[in-house]
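Derivation of every value follows stated rules applied to the coordinates shown; laboratory data play no part. Just so it is clear, the structure is predicted and the values come from calculations on it, not from any experiment. Every residue, glycine as well, gets a Cβ built from its backbone with ideal geometry; the counts of neighbours run over all protein chains shown.
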Amino acid sequence: MSARRTLLLGLGGLILAIGLTFLLDPYRNYQLALVAAYLCATAGLTVLVGLSGQLSLGHAALMAAGGYGFALTSQALTSAGVGGLPRFLAATVAAAVVAGVLGLLLGLAGARLHGPYLAGLTLTLVVAVPAVAASVGALQGDRGVQMQFEGVPGPLRALIALEQWQAWVALAVAAVAVTGLALVRDGRTGLRMRAVRDDEVAAALAGIAPARVKVLAFVVSSVTAGLGGAVLTFVTQSVSPGAYTVSLSLLLLVAVVVGGLGSLLGAALGAVLLVLLPWLVGTVTDMLPLPSQVTQRIDGTLPLLVFGLLLIVLVACAPGGLAGALTAARARRRARRRLTAPAPTTAPPSPTAPAPRESARTPTEG
Amino acid sequence: MDRFVFLLGTGLARGTLFALFALALVLIWRSTRIVNFAAGAMAIVGVYVGVAVTGLTGSYWLGLLATVLAGGLVGLVVERGLLRFASARSPLSGVILAIGLVIVLQSLLGIAFGQQHTPVRAPFDDRPVQVGGVPLLSPYDVFVVVVALGLMAALRLLFVRTTLGLQLRAAAFEPEVSRLLGVRVARMRTVGWVLAAAAASLAAMLAVPKELGLNPHAADMLFVYAFTVAVVGGLDSPGGALLGGLTVGVVMSLVTGYLGATLTPVAVLALLVVVLLVRPSGLFAAAEARRA
Amino acid sequence: MSAALSVRELVVGYGGAPVLRGVSFDVDEGTVVALVGGNGAGKTTLLRTVSGLLTPSAGSVHLDGEDLARVGVEDRVRRGLAQVPEGRGVITELTVEENLRLGGLWRRDPADLRAALAEMYALFEPLERRRTTLGHQLSGGERQMLAIARALVARPRVLLLDEPSLGLAPLVVAQIMRVLRELCDRTGLTVLLAEQNVAGALSVADHGLVLALGEVVASRPAAELAGDEALRHAYLGF
């Protein structure tokens, strides 16, 4: 995809999504804003895992870094008399920088580590988030940092509700993040990331510095995760360790695996799932005549169970995730069409999706 | 000084538990090249069974035995049922499957038993014994150390002295060559997972009375600490797990005692980062013989 | 003389074009058969298929008349088929003695195992001095001896050897070959020896098979093969 097409696609998607907000009620718009926030993080994570082959279980911590960066900068600017768009932009940039620096540090460590070590390191990082929040005074421990209430800006106030405005802002940031990631993915950097993922030694022989590419991937991914944290802070108007738990970190990973590693469309599907599945499960259990004690237990855990099962089933049955399954289905359809058309001269098309490293089948091990 | 001695003692006692749990991670890493991120969740299933058995029979010892058996059974089911989906081509698929398992097990436990912390009583007095006016280990600490060290010694004997142990090691190092020699590698892998899961369950059962209580996430921190231990000691090195466990236990105990409990996770993170950056193969791993 | 190992119409592939395209041959009991051919001829694939590591898409392997199709790798050893894999396959984290004990894994009688180990130490003297040495500290020649000794501890009737001379000094190779030849003559051991070192292999072998592009292009007594210059030029490159 050319860069221009990607930009147009990003812009078109944003306009479409903003149009969508007019069809939704405030609560749905709030959910849409959450989806946009998680999308920033899942899109970054899917590029990191799918393209550069590095596994992070700590993206919630990177989101938290962005959230705190956003909230603290915003507060400081408010007391300095800055407001409106400049304040929002400066705070968002600060969020990206804070998360990016943390990501740089992680990436530097990660470039020297194999997958499971990096996963463990990032897991420990997210476990330490409450401890860091408690031990650094400005972060105010479990209570977190509250933002000053910020309504819809003047001229729009008569037209749209707060939730719709928040959804607009969230969608705009997400569009920037995802478009940026798409550009990285399609550009030389993305090519280098895939080269390093598939074979570090070969990549190095081709003149690519694997360590630098891996660190870069981590920084890019962290910046978008930080943007996600900023958006989440903007939408919920507060940031606290309770919002960035190990569970969220694991769910982000579930979302990108379910969506399909490396696929930005999959990341979007995953983000939608993160927001909608708990709500969907909640709605279903509310309809069932269950005793309140049971509902209480199920509430919050049943969606997790569904996520976990979904993850296992997908890894076992469709390693390409939802996006991969879609591509495979499309390829199958195309193959069928070609078979019914006048006989092709080449060998019959393989029905396997263009998923990498799946096609080369070794003889069955006895 | 008294305080230092006390902290050192409790640190060593906790360290043996970390070491036992880390040993479970090392065993699985050696045999399948997977860091079992589900080890904590799997172990806690065994603990729930053990606590239930103790509750039914009134006997702590039957509960302890049930924990080990249930933990081993979970290991068997996971290895046989789930692990065959882990792709050899992608080292990440094992981690991802384990994450899925964590989520499934913890939410199932949450649905079955709720999220609240259920206190679990120690079978022995948990107050430290005073020696010459200095508080030292509690009887329960001593029990924990004896059981954990005893189990580790038994595992070592099994691995070094028996034919089964020889096959377990061979299968872990060179699966294909081992098959050519007649070692049933798939079976050895299952045995390794069962042993590891049983050991981890035991470690979790011993740790629970010293923590907040039993809930589906009760072993999460134990896992994180044990992972740190395994990295400090070297994921390939069972001996390193013991030394690493004692090191991490003492460091944590000193940080908790002098700087406050909230800082412990930060200290563990710092330790992990330093070790990973300075000596990724672990502080106590023997000179890397493998793949040299 | 009957065939100890019999391979019929074996076809093996890795998805694309088959590596072995209908290979058939017999190895008579008590003989050494050299399987020669250039790089990529399919020698390793053939041995891995015979030992069961690879599953053929067609054809059969019989050991003493028994079809091995349904016999797993681990059970082929128990039936008397041992393989010294490519690259020797010494488990470098284990000691010499532990490696040897693995070879006699399914011997239930400890006295029997001890006798087998003693026999190997007598056969390959350098190993005895290094009983407690870890595999990664051994020299190339010692590793090859260990790998062969380990396979012999199982007292196989058929031994498969994949490139035992690779990377070894000619003197060491000669010593190893001499031991093998002796064993065959004394105990009736059957050997299938895959080698790129054609001259060396044919000098110890009774019979030679030339494998090229996945097919047997010649099967003749070793001495005759060694003397056929046209064949050597065409397939063996010397």
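Can you give the relative contact order of segment B:77-226 as a percent, counting alpha carbon pairs under 8 Å and 6+ residues apart?
On the way: 100 pairs, mean separation 40.6, N = 150.
Relative contact order, segment B:77-226: 27 percent.
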Sorting A:141, A:153, A:260 by the position of each Cα along the dipole of chain A (Lys, Arg +1; Asp, Glu -1; all at Cβ), the one nearest the positive end of that ordering is A:260
Mean per-residue count of partner chain Cβ within 10 Å for A:124-134 equals 6
Of all chymotrypsin sites (Phe, Trp or Tyr not before Pro) in segment A:110-167, the ones in DSSP coil with at most 12 other Cβ atoms within 10 Å are A:149
Sorting B:140, B:150, B:118 by the position of each Cα along the dipole of segment B:118-209 (Lys, Arg +1; Asp, Glu -1; all at Cβ), the one nearest the positive end of that ordering is B:150
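If I take R0 = 51 Å and measure r between the Cβ atoms of residue B:5 and residue C:64 in this structure, what FRET efficiency does the formula 1/(1 + (r/R0)^6) give, to the nearest 0.05? Working shown, then result.
Numbers: r = 71 Å, r/R0 = 1.39.
Efficiency, from the Cβ-Cβ distance: 0.10.
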Whole-Å distance linking the alpha carbon centroid of segment C:144-219 with that of segment A:142-219 is 61
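May I ask you to list, by number, the DSSP H helices of chain B whose Cα span along the axis is at least 30 Å and whose average Kyte-Doolittle hydropathy reaches 1.0 or more?
Numbers: long enough: B:2-32 (45 Å, 1.28); B:91-113 (34 Å, 2.26); B:139-161 (32 Å, 1.80); B:185-207 (33 Å, 1.40); B:238-259 (31 Å, 1.45).
What comes out of the filter, once short or polar helices are dropped, is B:2-32, B:91-113, B:139-161, B:185-207, B:238-259.
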One checks the Cα atoms of segment B:129-235 and finds Rg and Dmax, in Å, of 17.9, 62
Output for segment B:54-136: chymotrypsin sites (Phe, Trp or Tyr not before Pro) sitting in coil per DSSP, at most 16 other Cβ within 10 Å, listed by number, reads B:124
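Other chains' Cβ within 10 Å of B:253-266 residues: what's the mean? Let's see the in-between values first.
Working: counts 0, 0, 0, 0, 0, 0, 1, 3, 2, 7, 5, 2, 11, 11.
The shielding value for this peptide is 3.
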With DSSP loop assignment and no more than 15 other C-beta atoms within 10 Å, the trypsin sites (Lys or Arg not before Pro) in segment B:74-131 are B:89, B:121
Partner shielding of B:153-164, taken as the mean number of other chain Cβ atoms within 10 Å, equals 1
The relative contact order of segment A:3-245, taking Cα pairs under 8 Å that sit 6 or more residues apart, comes to a percentage of 43
For segment C:1-70, the Cα-Cα pair-distance distribution in 10 Å bins from 0, as whole percents, is 20, 54, 23, 2
In nm, the gap between the two label points placed 7 Å beyond Cα toward Cβ at residue A:159 and residue B:59 is 7.7
Computed about the Cα centre, the charge dipole of chain C from +1 Lys/Arg and -1 Asp/Glu charges at the Cβ has a magnitude in debye, to the nearest 20, of 500
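Per-residue counts of other Cβ atoms within 10 Å, averaged by peptide: what ranking do you get for B:23-32, A:57-66, A:88-97, highest first? Numbers along the way, then the final one.
Values: B:23-32: 25.6, A:57-66: 32.2, A:88-97: 20.9.
Per-residue Cβ counts within 10 Å, averaged per peptide and sorted highest first, yield A:57-66, B:23-32, A:88-97.
Please tell me the relative contact order of chain C in percent, rounded to the nearest whole number, where contacts are Cα pairs under 8 Å and at least six residues apart.
On the way: 460 pairs, mean separation 69.0, N = 238.
Once normalised by length, the contact order is 29 percent.
Given 25 °C and 0.890 mPa s, how large is the Stokes-Einstein diffusion coefficient of segment B:43-168 in µm²/s, with Rh as the Kirkwood radius over Cα pairs? Display every interim value, and only then the final one.
Working: Rh = 17.8 Å.
Approximately 138 µm²/s, per Stokes-Einstein.
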On each of the three principal axes the extent of the alpha-carbon atoms of the protein assembly as shown, given in whole Å and largest first, is 101, 90, 54
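Can you give me the orientation-averaged projected area of the convex hull built on the Cα atoms of chain A, in nm²?
On the way: hull surface 97.9 nm².
So the mean shadow area of the Cα hull is 24.5 nm².
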Answer in debye to the nearest 20: the dipole magnitude of segment A:61-203 about its Cα centre, from +1 Lys/Arg and -1 Asp/Glu charges placed on Cβ, is 180
Rounded to the nearest 500, the 222 nm mean residue ellipticity computed for chain C from DSSP H runs (n ≥ 4, each -39500 (n - 2.57)) alone is -10500 deg cm²/dmol
To the nearest 10 degrees, the tilt of helix A:210-236 (Cα long axis) against the first principal axis of the alpha carbons of chain A is 40
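Report the per residue volume, in Å³, of the convex hull enclosing the C-alpha atoms of chain B. It would help to have the intermediate numbers written out before the result.
Numbers: hull volume 41.5 nm³, N = 292.
Per residue, the Cα convex hull of chain B comes to 142 Å³.
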Of the candidates B:12, C:212, B:101, the farthest towards the positive dipole end of the protein assembly as shown (Lys/Arg Cβ +1, Asp/Glu Cβ -1, centred on the Cα centre) is B:101
Rounded to the nearest Å, the spacing of the alpha-carbon centers of segment C:7-40 and segment B:139-204 is 40
